Structures are given as structure tokens and as C-alpha cells.
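These notes are about the structure you will find just below.
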Amino acid sequence: MKLATRTTRIVPSATLNVSATAKAMAAQGVDVVDFSAGEPASDTPEVVKAAAKAAITNGFTKYTPASGTEELKQAIVDKFSRDQGIQYETSQILVSCGAKHTLYNVAQALLDPGDEVIIPAPYWVSYPDIVRLADGYPVILETQESHGYALDPKQLEAKITPRTKALILNSPCNPTGALYSRETLEAVADVAERHGFLVISDEIYEQLVYGETPFLSIVSAVPEIADQTLVVNGVSKAFSMTGWRIGYAGGPKALIAAMAMIQSQSTSNPTSISQKAAVAALRDGTPFFKELLADLGLKRRLMVGALNAIPGITCPTPAGAFYAFPNVSAVLGKRHANGTIATSADLANYLLQEAHVACVPGEPFGSPHHLRLTYTPALDAIERGMQRFNKAIESLT
């Protein structure tokens, strides 16, 4: 059987692969400290679970409109207005099966073969492959750790060609935790307006910001860019609802309509029960993510401090999300009993096999000198994992 060429353009998600390997080892009795999964350890809020149970009890278990229920769309409109001062109508909202599904929909709706999407690096692992699946071409824009991974508008402008259709912004960023400043967002909006491309603003970690720098959406900073921006968000991270699979987008009506049409012929509607749960999260879940953020703040300090105490490892403090992104350049080239640590992938494999610590190499994020670690596990698990990490690094020669 000859498979479609598009299947040769992409690779499986590195984060999901590492997480699956760690879980398989744990199932065999290996004590693995797993820093690979991009999800909170906390349970879903009770108010959300109660809404889901009520939906089942009341028989809300049938098809809904393919683009999402009007009730959830209105809750999303209210959330955008309340939290970000962004004004949408429900006709400008699409509910999908997670934010990744939303991003897939926009790529399918927007891109023709050869169209280009600019992606600042480091980037979430799925961005380039989502573009490739739509026959587009990902154009990588390097950012610098020394500059806080800020996007340079001049470098952005240099990447623009007649085929440029979109720019993906991710703030707070997975994997770096970096936030875009108002100054940067205003400069990016100016470039986008002059060249006419779409800004895809992935704001899934919007609520998980630790206070040093406030979160700001590009549409909040520059309302005039709203007609050229798709804002992507969801309930997975802030409400610990990763398995419920509800993402959403707000944007231009024509684009939302096209994305909804594609969705109607692929997945159809998101799960009816999850939509009721998402309404409860958006309307009544604020106390939960405030508690989650306070918990993550403690864990962030613990992990970042422990990483910076390891010889050869440096790790800036992330402003948002829940990932540490340590620079491991000084470790590359060192040896262990079974070989040399030539890449961050080698280091991640060494840590998993020898120290039973699971983390994700930097290569799939476009940053070969880093690792990504999630600081969502329990505090004692972070302490145990960091002790193992340190011991493993000290063993290298």
C-alpha cells in the first residue's frame, strides 16, 4: 500500500512519544519521574465535573451544532470581553476538539500549497507539522535566549515573502515560558498590517502568568489588528481539562465560517458533555486557576532553582506556562559509560534510561541546546527528579 505523501512530511509528537515511553516504563514497575507531559497534575474542578454529570443526567448527549453550542460560544464571548477587552459576536467563535484541532482547522482553511507561515523558534512541536499537513511551508524565525526570546520586528520583516500567509505567536510560550511585551506586539501588528498576513495568536497559557509581566493579547494591545488575527485558546491548561478536548477561537467571520465548514466534514461537533463542562469552567472556574497558579509558582521556584544549581546547566525563570527550558550546551560532548552525549536528544534518553527522569529534548522545539521539563508534578516528585538529574549530570565525564 502506498500512503499519501503528506504522511512523509511529518513526525509523531515528541512530547507524546516521551510521555508514552515514560508511562510504559512505569507500567513495568520502573519508578519514573515524568517531566514530559504538558498538563497540570491537579484534578479537574468540581464545578466542572458537576456540570458534566448534570449534562449526562439531563440527556445532553446528542449532536450539537458542528461549530459548538450557542451557550458555550456566548460564554467564550463573555470571557474575551471580561478578561481581555476583546469584543466578538458568537458568529466569530468556533469551538473545536482542543486548541490543536483549532490550529489544524485554520491551517486547512487558510493555506494553499507552498504558502508560508512564519514560526518563531523555539516553538511548540506541532506548529510546523500542522502547516506541512496543509501543504504549507513553515518559515522558522530564530529568537535569542539572551534577549528573552523576544521577537525582533526587523527580523520578522526579513522573513516575509509574497507567499507569507500567517505568523504564529505563542504567548506565554511553550516551551520557553516567554511573554511578548506591549512594545513587541505593537511592532508585530504594524508589520502584519503593512503586509496583510494573518496573525495566529495561540493564548492557551494566558491564565498561567506569574505576575512579573502581565499577559497581553495582540488584539488587546492593538484592537485595529482584530480583523487580521485569530485568537486561539481553550480550557485544557488553566482548568486542568486536557482530556476533555475543548479549544476555541475568535476571529474574522469569513475565516471562522471556513474553519467551521472544515470541522463539519471532519470531526463534526466537540463532545456535548465537554461543552457543558467548558461553560462551567469559563463562568465559575476562576478560583481554581488562581489556586493552580499559586501551586505552580512554588513548583517553578523549586525546579528552576534546582536546575541552576547543577554544574553546566542554566535556566531562566519562565514568566508563564509551566515549563522550564534549561540550556544544556555545556553538557553536550560529555561521556557516560555507554557513549557520548552529542545532542539534547541523547541527554534526554540518558536521563530516562539511567536516572529514570523523563524530559523532552529541545530539537523538536527548534532549539537543540535545551531540554523541556514540566514542573506540574508534586513537590516531592520534583525534588526527587532533580536529585536524580543532578546525580546523572555529575556522573558524566
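In order along the range 105-117, phi translates into HN-Hα couplings of 4, 5, 5, 5, 7, 9, 9, 9, x, x, 5, 10, 10 Hz, rounded to whole numbers, per the Karplus curve 6.51 cos²θ - 1.76 cosθ + 1.60 with θ = phi - 60° and x for Gly and Pro.
The modelled label-to-label distance for the pair ARG82/ASP152, using points 7 Å beyond Cα in the direction of Cβ, is 4.2 nm. For the chain, the share of accessible area belonging to carbon and sulfur comes to 53 percent (1.4 Å probe, ligands and nucleic acids excluded). Let me make sure I get this right: for the range 160-280, a, b and c are the square roots of the gyration tensor eigenvalues over alpha carbons, sorted descending. Under 1.5 in a/c it's rounded, otherwise prolate if a/b > b/c, else oblate. Which is it? Oblate shape, in that a/c is at least 1.5 and b/c is the bigger or equal ratio. Computed from phi, the 3J(HN,Hα) profile of the range 229-238 under the Karplus parametrisation 6.51, -1.76, 1.60 (θ = phi - 60°) reads 10, 10, 8, 10, 7, x, 9, 4, 7, 5 Hz, with x in place of Gly and Pro.
Using a ≥ b ≥ c from the Cα gyration tensor of the range 33-116 (square roots of the eigenvalues), is it rounded, prolate or oblate, where a/c under 1.5 gives rounded and otherwise the larger of a/b and b/c decides, a/b for prolate? Judged from the Cα gyration tensor, the range 33-116 comes out oblate (a/c at least 1.5, b/c at or above a/b). Converting phi to 3J(HN,Hα) with the Karplus coefficients 6.51, -1.76 and 1.60 and the offset θ = phi - 60°, the range 122-131 yields x, 9, 5, 4, 7, 3, x, 6, 4, 5 Hz in sequence order, with x at every glycine or proline.
Rounded, prolate or oblate: which fits the range 264-351 when a ≥ b ≥ c are the square roots of the eigenvalues of the alpha-carbon gyration tensor, with rounded for a/c under 1.5 and prolate only if a/b beats b/c? Here the range 264-351 falls in the oblate category.
Comparing VAL125, VAL11, VAL219 in a Gaussian network model of the chain where C-alpha atoms under 10 Å apart are linked, the largest mean-square fluctuation is found at VAL11.
Please work out the FRET efficiency for the pair THR57 and LEU379, using the Cβ-Cβ distance as r and a Förster radius of 30 Å; give the result to the nearest 0.05. About 0.20, to the nearest 0.05.
Close amide-amide hydrogen proximity is noted between GLY234 and TYR248, each under 5 Å apart and 5 or more residues distant or on a separate chain (H modeled in the peptide plane; Pro and chain starts excluded).
For the residue pairs LYS53/LYS100; LYS79/LYS276; LYS100/LYS159; LYS100/LYS237; LYS334/LYS391, alpha carbon separations beyond 21 Å are given by LYS53/LYS100; LYS100/LYS159. For SER36, the residues whose modelled amide H falls within less than 5 Å of its own, excluding neighbours fewer than 5 places apart on the same chain, are THR374. Applying 0.36 nm per residue to the separation of SER268 and GLU142 and subtracting their alpha-carbon distance, the gain on full extension is 41.7 nm. What separates the Cα centres of the range 106-155 and the range 304-344 is a distance of 25 Å. Solvent exposure of the range 123-261 amounts to 37 Å² per residue of accessible area, where only protein heavy atoms count and the probe is 1.4 Å.
The H on the amide N of LYS334, modeled in the peptide plane, is under 5 Å from the matching H of ILE341, each at least 5 residues off or on a different chain. Spin-label pair ASN308-THR343: with each label point 7 Å from Cα along the Cα-Cβ axis, the two points sit 3.0 nm from one another.
The values are calculated or read from the model by the stated rules, or taken from the named source; none is laboratory data. The model shown is predicted, which means the values in this text are computed figures rather than measured ones. Note: ideal-geometry Cβ built from the backbone for every residue, glycine included; neighbour counts use all protein chains shown. To get the accessible areas, we keep the full protein, side chains included, count just its heavy atoms, and leave off ligands, DNA and RNA. Shrake-Rupley method; radii C 1.70, N 1.55, O 1.52, S 1.80 Å.
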